[in-house]
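A quick write-up on the structure given underneath.
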Amino acid sequence: MTTELAKKRPEFRNINAFTDLPTYRLPAAGWVSILHRVSGVLMFVLLPFIIWIFDKSVSSEVGYNKFRFAFANGGWGILLKLVALALIWAYLHHFIAGIRHLWMDVSHKAVSKSFGATSATVTLVLSLLLTLALGLKLFGVY
């Protein structure tokens, strides 16, 4: 009797990436998890760029001034700033999400559905707000 009244849940055996994935709503914790991996890969891939920036900034005063000029002027400057902004976001998100994961590993009270949703939303909002603030500083708004 109860089985007749119960609503049958849909079964997904073969998920079509073009029809099923665009309508799937991922929870905030899922987004944080995916973006944590993306930010880690982004930082790893851009590591040569980070080393190049560091090398130019400390090798000599001439190299530092060339880098400052390239960073401040022209199309290359905007491209360098966008790459720096991507690195800023990647670092901030990876750091904040890492703290969230460590907190959930250490505190058994933090392993709940409500804490996961709340901390994921805080992670996303905090990383985006800090990136926005540093991005405004990077582009000279204040």
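Laid out as a table, the results:
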item	result
So residue 138, is it surrounded by 12 or more Cβ atoms within 10 Å (Cβ to Cβ), touching a helix residue (DSSP H, G or I) at 6+ places or on another chain (Cβ under 8 Å), within 19 Å of residue 41 (Cα to Cα) and of a type in the set (A, V, I, L, M)	no
Options 122, 83, 106; residue that is more than 24 Å from residue 47 (Cα to Cα) and surrounded by 11 or more Cβ atoms within 10 Å (Cβ to Cβ)	122
Residue that is part of a helix (DSSP H, G or I) and at pLDDT 90 or above, where the choices are 78, 99	99
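The values are calculated or read from the model by the stated rules, or taken from the named source; none is laboratory data. Owing to the predicted nature of the structure, the values given are computational and were not obtained by experimental measurement. For neighbour counting, all protein chains shown are included, and Cβ atoms are generated from backbone atoms with ideal geometry for every residue, glycine included.
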